[in-house]
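Written below as structure tokens is the structure these notes are about.
The values are calculated or read from the model by the stated rules, or taken from the named source; none is laboratory data. All of these numbers come straight from a predicted model, not from anything done at the bench. Using ideal geometry, Cβ is built from the backbone for each residue, glycine included, and neighbour counts are taken over all protein chains shown. All accessible areas refer to the heavy atoms of the entire protein, side chains included, with ligands and DNA or RNA removed. Shrake-Rupley method; radii C 1.70, N 1.55, O 1.52, S 1.80 Å.
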Amino acid sequence: MTGTTDLARRFGTPSYVYDLDRVAAARDDLFAALPDEVAVYYAAKANPHPEILREMRAGGPRVCRAEISSVGELDAVLRAGFAGAEILYTGPGKTTEELAEAMTRGVRTFSVESPGDLRHVGDTAVQLGITADCLIRVNNPTGAAATSIRMTGVPSQFGFDGETLPGLAAELRDVPGTTIAGLHFFPLSNAKDEASLIAEFRHTIATAAALQRELGVDFRIVDLGGGFAAPYAVQGRRPVYGELREALATSLDEHFPGWRDGAPRIACESGRYLVADSGTLLTGVVNVKDSRGTRYVVLDAGINTFGGMSGLGRILPVSIEPHESVGTDGVPVQLAGPLCTPGDLLGRQVPLADPAPGDLLTVPNAGSYGPTASLLMFLGRPAPTEIIVRGDDLVSVSRIEHTRTYEHGQAL
């Protein structure tokens, strides 16, 4: 990668550096870990930068589709070259206006979370004279991976409770403007190891096959979800899955004998795995302060820059890689951002030796859930610079700008 010190000197801090070579490597590794017939949806929320979206469609005969949850993401992926037929629209709060815009722009596949959500999609489709392909999102009551972050099995705004679906079969099949095209699962996030990931996929495939029998519908699409792991803001390497491909194929052969011929078409989705290790956050030390025995290192990057889905404390602890004269064998310090809130902490008890104003620090594996998942507009501070490189070549430098559009009145 182009030297981070040089990039920080040229373009300032806070700034993100995303390496498209790393994006391509992750994309290719994920495709290699999955059977050739399995489609991959890129979760645009992980990083919707235009260059990264375009990279997801590059590379070879297998390219990513797009999973989105807003018309803002819809606009971004269409601008990046995705077609409406390559897009899965998800989310529990799809408004009539959003659905109409998505359908008008070619989207036909929607994940639905409840009977009301299904009827909402159908009503909009009827108004436009089309039929929407709907994937029933399933909130499984059980799972197989005991060591990972579970996404189902509890009360949630996401998905139909799996145990209720057989009793809803007739109602779901008869919603005007829709066809039940298949199922959508997302049972876990960031699997701790490959064995956990494989176990969860096997459980999901068996559940999907049972639901197909109980609902009396021949599914055309089964989205198995994700769970692919990657380190986030800490040291570590993205795993490469060597056993997943064969395990998935064996399980699919058992439960869906026609899957290799597209009956049903199988899909997975991923965000963090595809982009996390492509990014590095560059931040500068603004001030060093001692308070009642605790040292605070104040940075120019805070939770407005790197908010980890804007949930306070979600990203702690981060790994810091100091540059030049700063060591990591000193007294543990608190890493504070520049915001006027005590919640603006990026790290607690982080060892740094003799930090001083002007020092450069970096956060590794920061390519996912960065600026657009942060408190970006809080206090009106400028967004961080986003620098795109491909290896040693500089591709682009940009920044998100905050603007206000008036529907009534005018700017003062």
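Tabulated data for the structure shown
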item: Residue, surrounded by the fewest Cβ atoms within 10 Å (Cβ to Cβ), within segment 288-344, restricted to residues that are farther than 15 Å from ALA366 by Cβ, small (Gly, Ala, Ser) and at pLDDT 80 or above; result: GLY293
item: Identity of the residue in segment 242-254, in contact (Cβ under 8 Å) with a residue 60 or more places away in the chain and of a type in the set (A, V, I, L, M), that ends up surrounded by the fewest Cβ atoms within 10 Å (Cβ to Cβ); result: ALA249
item: Single residue of segment 260-282 satisfying the filter (in a helix (DSSP H, G or I) and open to solvent by 10 Å² or more (accessible area, probe 1.4 Å)) that is nearest to GLU200 (Cα to Cα); result: ARG272
item: Tally of residues being over 23 Å from LEU339 (Cβ atoms) and hydroxyl-bearing (Ser, Thr, Tyr) across segment 377-397; result: 1
item: Pairs where the first residue, in segment 132-147, is farther than 12 Å from THR204 by Cα and in a loop (DSSP other than H, G, I, E, B) and the second is at pLDDT below 95 and open to solvent by 50 Å² or more (accessible area, probe 1.4 Å), C-beta under 8 Å, 6+ apart; result: THR147/LYS192; THR147/ASP193
item: Positions within segment 369-378 being open to solvent by less than 30 Å² (accessible area, probe 1.4 Å) and among the polar types (S, T, N, Q), in sequence order; result: SER374
item: Within segment 345-368, considering residues that are hydrophobic (A, V, I, L, M, F, W, C) and in a loop (DSSP other than H, G, I, E, B), the one surrounded by the fewest Cβ atoms within 10 Å (Cβ to Cβ); result: ALA356
item: Selection from segment 117-131 of residues that are assigned to a loop (DSSP other than H, G, I, E, B) and either closer than 20 Å to GLU67 by Cβ or in contact with a helix residue (DSSP H, G or I) (Cβ under 8 Å, 6 or more places away or on another chain) (or both); result: ILE130, THR131
item: Residue list for segment 369-397, filter: over 21 Å from the mean Cα position of the chain (by Cα), of a type in the set (Asp, Glu) and either in a loop (DSSP other than H, G, I, E, B) or closer than 10 Å to VAL17 by Cα (or both); result: ASP392
item: Segment 32-57: number of residues that are over 26 Å from LEU361 (Cβ atoms) and either in contact with a strand residue (DSSP E or B) (Cβ under 7 Å, 6 or more places away or on another chain) or open to solvent by 40 Å² or more (accessible area, probe 1.4 Å) (or both); result: 16
item: Set PRO231, PRO257, PRO239: member being assigned to a loop (DSSP other than H, G, I, E, B), surrounded by fewer than 21 Cβ atoms within 10 Å (Cβ to Cβ) and at pLDDT below 95; result: PRO231
item: Count of segment 152-202 residues which are open to solvent by less than 10 Å² (accessible area, probe 1.4 Å), at pLDDT 95 or above and among the small types (Gly, Ala, Ser); result: 2
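To keep it simple, each residue is scored yes or no on (1) over 27 Å from GLU401 (Cβ atoms); (2) at pLDDT 95 or above; (3) of a type in the set (Asp, Glu); (4) surrounded by 23 or more Cβ atoms within 10 Å (Cβ to Cβ).
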residue: LEU20; (1), (2), (3), (4): no, yes, no, no
residue: GLY59; (1), (2), (3), (4): yes, no, no, no
residue: ARG65; (1), (2), (3), (4): yes, yes, no, no
residue: SER70; (1), (2), (3), (4): no, yes, no, no
residue: LEU74; (1), (2), (3), (4): no, yes, no, yes
residue: ALA80; (1), (2), (3), (4): no, yes, no, no
residue: ALA83; (1), (2), (3), (4): yes, yes, no, no
residue: LEU99; (1), (2), (3), (4): yes, yes, no, yes
